Amino acid sequence: MIKIDNYIIKINKFPDGTPRINIDFSKLSKNKYNTVTWLYESNDELMYLIMIKRWMDEHGREGYLKLPYIPNARMDRTKDFSEVFTLKYFCEVINNLHFQQVYVLDAHSDVSTALLNNCAKEDPKKYVDKVISKIGMRNLVLYFPDSGASKKYSDLFPELPWCYGEKKRDWKTGKILGLDIRTNGIDLSNKAVLMIDDIIAYGGSLYYSAEELKKHGVTEIYAYATHTENSILDKEKGTLIKSLENNTVNRLFTTNSLFNGSHEKITVMEV
């Protein structure tokens, strides 16, 4: 979905599938500065964004881009020349649109924010704080699925104890085989735990984390992911959905940066 200010741009299509885009001037702010928000749903939207920004240029309107989720963020490095560095080329396209500023939320890595010109980074603290206010602070421990996530997030919540996981993988397939909990000396028995991650697809890391946390005597488990793919709802491939539906995990909290599905155990916050 693409919005200018609070006006959702409706994309109609000709019979051949090419877009027909109409923008109602009366719906836009009166000054020349407009904020374009792109909540990623498909790759087609990149072409729509290019066309919308060119329309803005021709009509003398300056633009800011809110891009909470950065598409291609996982492809932040290549192993050899055969791999296409999609994140780099995506960022080059965005840079060529010459937005005054590009606002991103909880970027998957510093590579993406380094590749984007005029990039303003927002951490997820205010969203996690909302989650904590809902579940309460009682015996709460934060959990991060790997050491990288612990370095990324632990300093945002200095008042709360935390621990993290170490994944065990099949290095040929990349499949998670399980994990170990590094408790940081915390007795996890009878504790409530909030698992925090930036992006999840099927939720494997959090699924295995929840299974192991239960073995340590944790009584309540909640999950937060800034960016949640709709694949989380896939009951064949999904793993975290099993934890939600069998009540191993009480609830998943996320934002609408990427997720546009619905489930009774998933709470969605607007960015």
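Things worth noting here:
- Most mobile listed residue (ILE70, ILE199, ILE50) in the chain, GNM with C-alpha springs under 10 Å: ILE50
- The GluC sites (Glu not before Pro) of the stretch 36-138 that meet both conditions, a loop assignment by DSSP and at most 15 other Cβ atoms within 10 Å of the site Cβ, are GLU41, GLU83.
- Model label zone, TYR33; criterion: amide N under 13 Å from point 7 Å along Cα-to-beta-carbon; scope the stretch 49-68: 62-65
- Top positive-direction residue, dipole computed over the stretch 65-154 with Cβ charges, set GLY148, TYR89, PRO71: GLY148
- In order through the stretch 197-213: 3J(HN,Hα) via Karplus (6.51 cos²θ - 1.76 cosθ + 1.60), integer Hz, x for Gly, Pro: 8, 8, 9, 9, 10, 9, x, x, 4, 6, 4, 5, 5, 4, 4, 6, 4
- The stretch 25-157 - accessible surface per residue (Å², probe 1.4 Å): 52 Å²
- Within the stretch 61-75, backbone nitrogen closer than 17 Å to the virtual label 7 Å beyond the Cα of LYS88 toward Cβ: 72-75
- Database remark: amide H of THR35 closer than 5 angstrom to the amide H of ASP5, TYR64 (H placed geometrically; neighbours at sequence offset of 5 or more, or on other chains; Pro and chain starts carry no H).
- Structure note, pairs LYS27/LYS126; LYS3/LYS32; LYS235/LYS265; LYS88/LYS126; LYS152/LYS215: Cα-Cα distances above 24 angstrom occur for LYS27/LYS126; LYS88/LYS126; LYS152/LYS215.
- Test item: Cα-centred dipole of the stretch 64-219, Lys/Arg +1 and Asp/Glu -1 on Cβ, debye: 280 debye
- Sequence of MET75, MET56, MET51 when ordered by accessible area, the most exposed leading, probe 1.4 angstrom: MET51, MET75, MET56
- Going by accessible surface with a 1.4 Å probe and the largest first, HIS216, HIS227, HIS98 read HIS98, HIS216, HIS227.
- Three-way shape call for the stretch 64-173 based on the alpha-carbon gyration tensor, with the a/c threshold at 1.5: oblate
- Rounded to the nearest 10 square angstrom, ASP123 shows an accessible area of 70 square angstrom against a 1.4 Å probe.
- Between THR255, THR78, THR113, the Gaussian network model of the chain with springs among Cα atoms under 10 angstrom shows the greatest mean-square fluctuation at THR78.
The values are calculated or read from the model by the stated rules, or taken from the named source; none is laboratory data. These numbers were taken from a predicted model, which means no experiment stands behind them. Note that we place each Cβ from the backbone using ideal geometry, even for glycine, and neighbour counts take in every protein chain shown. Side chains are part of the model used for accessible areas, which takes the heavy atoms of the whole protein and leaves out ligands, DNA and RNA. Shrake-Rupley method; radii C 1.70, N 1.55, O 1.52, S 1.80 Å.
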